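Take a look at the structure below.
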Amino acid sequence: MPERQRRIIQTVVDHAPENNLTVLDLACFEGAYSLELASHGYQVTGIEGRSESHENAERRRRESGYENVRFFCDDVRNLSREKYGEYDIVLCLGILYHLEAEDALKLIDYVYSVCRRFAIFDTHISFTPDEKVIYRGQTYAGHSSREHALSHPWSAIGNEFGFFFTRPSLYNAIEGAGFSSVYECLMPAAPDYFINRTTLIAIKGRPVTLNRTPLGKRRVWPEAKPYSALRRFAVRTFKVAKKLWR
């Protein structure tokens, strides 16, 4: 996955070239992103929920000799400012869709609370608003997807289904947590990504008030209109193909 890694590292370096900044890497697996960022001079903390993956990350850290990276074995659902402090940059890569909808929405809130500058969300999305969930009075849409067997190193921990948000719902959830703007990263290219995966940069800035133009009610992204029968068939075919590929 060097293309994926390059995309994330390039994004961090472009938006935060001061390499003494702090980075939190959630669900860091065996520490590939954490160790790469440490090699660029960032102060990195990785959190990994599986003990075996955490041990491998620790082993790789010792072998690298980097003293500016550390790893904790913990469930990302336990993230809080009180427990882990604050970080300039937060990486939330490949984890949201492994969580149930409410846990994913809570994690986005937690990411905002520990983030000082920006967060990167890399996740799968849903093409169809098949299911609805209400969180803090707002409605979000997407679909549930069965997880790998719980013994799989990329599976969720303790839940049988994960939730894929639609693009509008994902955008609304990130902005609803408090981030002032959200951008999609298209380059560096990641050719192995499915078309239902995206990389978003969420900025924790100061919401702008227009001085010369009155602002109306806060607007959110509306869900897409229902698909035609042909498009629904294409989406179902894609889902079946994806399951076979896994």
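Do we find that Thr128 is of a type in the set (S, T, N, Q) and in contact with a Cys (Cβ under 6 Å, 6 or more places away or on another chain) in this structure? No; evaluated as a whole, the condition is false for this residue. Whether any residue in region 207-224 is under 18 Å from Ser126 (Cα atoms), surrounded by 10 or more Cβ atoms within 10 Å (Cβ to Cβ) and at pLDDT 85 or above is what I want to check. Yes.
Among the residues of region 194-203, at least one is exposed (fewer than 15 other Cβ atoms within 10 Å of the Cβ) and at pLDDT below 95.
Screening Glu52 with (1) touching a residue at least 40 places away in the same chain (Cβ under 8 Å); (2) within 20 Å of the chain's Cα centre (by Cα); (3) surrounded by fewer than 17 Cβ atoms within 10 Å (Cβ to Cβ) gives one miss only, at (2). The one condition from (1) in contact (Cβ under 8 Å) with a residue 40 or more places away in the chain; (2) farther than 23 Å from Thr45 by Cα; (3) outside any strand (DSSP E or B); (4) aliphatic (A, V, I, L, M) that Leu186 does not meet is (1). Against the list (1) part of a helix (DSSP H, G or I); (2) more than 21 Å from His124 (Cα to Cα); (3) of a type in the set (D, E, K, R); (4) at pLDDT below 95, the condition Glu67 fails is (1). So which residues in region 71-93 are closer than 21 Å to Ile157 by Cβ and part of a strand (DSSP E or B), if there are any at all? Phe71, Phe72, Cys73, Val90, Leu91, Cys92, Leu93 - these are the residues of region 71-93 that are closer than 21 Å to Ile157 by Cβ and part of a strand (DSSP E or B). With the condition kept exactly as written, say whether any residue in region 77-85 is within 19 Å of Ala119 (Cβ to Cβ), in contact with a Cys (Cβ under 6 Å, 6 or more places away or on another chain) and buried (at least 17 other Cβ atoms within 10 Å of the Cβ). No, that holds for no residue. Which residue pairs have Cβ atoms under 9 Å apart, sit 6 or more places apart or on different chains, and have a first residue in region 92-107 that is over 20 Å from Ile8 (Cβ atoms) and a second that is crowded, with 22+ Cβ neighbours inside 10 Å and not hydrophobic (A, V, I, L, M, F, W, C)? Every condition considered, the pairs that remain are Glu100/Gly162; Ala101/Tyr140; Ala101/Gly142; Ala101/Gly162; Leu105/Tyr140. Scanning region 13-41 for residues that are among the hydroxyl-bearing types (Ser, Thr, Tyr) and touching a residue at least 40 places away in the same chain (Cβ under 8 Å) turns up Thr22, Tyr33.
The values are calculated or read from the model by the stated rules, or taken from the named source; none is laboratory data. Predicted model, so just to flag it, every value in this text is computed and none were measured. Glycine gets a Cβ as well: all are built from the backbone with ideal geometry, and neighbour counts include every protein chain shown.
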